[in-house]
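The values are calculated or read from the model by the stated rules, or taken from the named source; none is laboratory data. From a predicted model like this one, the values you see are computed outputs, not experimental measurements. All Cβ positions, even for glycine, are placed from backbone atoms using ideal geometry, and neighbour counts span all protein chains on display. Side chains included, ligands, DNA and RNA excluded: accessible areas come from the protein's heavy atoms. Shrake-Rupley method; radii C 1.70, N 1.55, O 1.52, S 1.80 Å.
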Amino acid sequence: MRDRGRAQTPIRPEAYTEEYYRSSVEGHAEFAASGGRELSPRMVRALALAGLKRGQRVLDIACGRGEVVLQAALRGADAFGIDYAAAALHVARESLANEGRTALARMDATRLAFAAASFDAAFMLDFVEHVYQPDLEASLREVQRVLKPGGRLVIHTSPNRVFERGLYRNYVIKVHETILNTAKDWLRLEEGLILNELTLPIQPHPLLSAYELELHVNPQDGLSLRRALEESGFRVRKVAHYQPPAPPFFPRRLYWHNALMKVLDVVRFFYPFGRLPPLNQFFSNHIWVVAERR
């Protein structure tokens, strides 16, 4: 695996394909079914945190398929979406074709072509982990510039570096290895629906493909994000660690298999207590931040 902290060359825009947005980026199933009018729980939460009001000007950085732009417009805002990947904008233009309160542009987030203090709110959803730290800091300074005083920035990023590099690698994987080895060596059980490395992954990055790993170059934790925002002139209002509801691993008809996975979650994720403060800082792989321009 490539050292994710060594190279500093930005990811090429061409690395992001239309297939990636339509089949890999979170919320793709809801988008395919509704064209952006039905949202995943993650995007619903982002819009709730923004607290948008009718008549506001809203900027979505790395807008992807454009669902948040669309939803902001449906709430009465004038919504602008930018992305530097042509594939993203191609998909977004389809979903926004009939919505008049929206605009899209291909743009580098480190050099925003907007006037100072021209937006009431901004989103950075699943952007942070895709840019190296110098570009992240430059982008935050630009967002701070284009927001009005008191303007709100909502950030979502995953993975959580504390979970991924700490608890997951040093505890969760050990739980999986113990179960697999016990089943194989002591109980002489064959690989089955649950006893396999898909349901009990032992790789450092079980949720990401090799392609996606190439795109996730800058994992953060709550403290590092707070520091970067404060140094860029923001007042951090909230840092939250929230794990979106997970769908059943198996088809719903396989009740007992899903019940066993829930029991396993008690051991490996301390469920449900791992979702509550302060344990959620370690067991949640998702970080949310609400910040305001000073």
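Key figures for this structure:
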read-out: Those residues of segment 25-51 which are open to solvent by 50 Å² or more (accessible area, probe 1.4 Å) and within 16 Å of the chain's Cα centre (by Cα), in sequence order; value: Glu26, His28, Ala29, Pro41, Val44, Arg45, Ala48
read-out: Test: residue in segment 111-123 that is out of contact with any Phe, Trp or Tyr (no Cβ under 7 Å at 6 or more places or on another chain), acidic (Asp, Glu), farther than 25 Å from Arg12 by Cβ and part of a loop (DSSP other than H, G, I, E, B); value: no
read-out: Enumeration of residues in segment 221-244 that are open to solvent by 40 Å² or more (accessible area, probe 1.4 Å) and not in a strand (DSSP E or B); value: Leu223, Arg226, Arg227, Glu230, Glu231, Tyr242, Gln243
read-out: Some residue of segment 103-122 being touching a strand residue (DSSP E or B) at 6+ places or on another chain (Cβ under 7 Å), open to solvent by 60 Å² or more (accessible area, probe 1.4 Å) and farther than 23 Å from Ile287 by Cβ; value: yes
read-out: Candidate set: segment 84-107, residues that are outside any loop (DSSP other than H, G, I, E, B) and among the basic types (Lys, Arg); chosen: the one nearest to Asp135 (Cα to Cα); value: Arg106
read-out: Residue in segment 131-141 that is open to solvent by less than 20 Å² (accessible area, probe 1.4 Å), out of contact with any Ser or Thr (no Cβ under 7 Å at 6 or more places or on another chain) and assigned to a loop (DSSP other than H, G, I, E, B) present; value: yes
read-out: Ala259, sole failed condition from (1) under 22 Å from Ser158 (Cβ atoms); (2) over 20 Å from the mean Cα position of the chain (by Cα); value: (1)
read-out: Restricting segment 170-184 to residues that are of a type in the set (D, E, K, R) and open to solvent by 80 Å² or more (accessible area, probe 1.4 Å), the residue that is farthest from Met261 (Cα to Cα); value: Lys184
read-out: Single residue of segment 246-269 satisfying the filter (part of a loop (DSSP other than H, G, I, E, B) and in contact with a helix residue (DSSP H, G or I) (Cβ under 6 Å, 6 or more places away or on another chain)) that is least open to solvent (accessible area, probe 1.4 Å); value: Phe250
read-out: Candidate set: segment 270-294, residues that are out of contact with any Phe, Trp or Tyr (no Cβ under 8 Å at 6 or more places or on another chain) and in a helix (DSSP H, G or I); chosen: the one nearest to Arg169 (Cα to Cα); value: Gln281
read-out: Pair list, Cβ < 8 Å and 6+ apart or interchain, from segment 225-245 residues that are without any contact (Cβ under 8 Å) to a residue 12 or more places away in the chain to residues that are not small (Gly, Ala, Ser); value: Glu230/Val236
read-out: All positions within segment 52-75 that are open to solvent by 30 Å² or more (accessible area, probe 1.4 Å) and part of a strand (DSSP E or B); value: Arg57
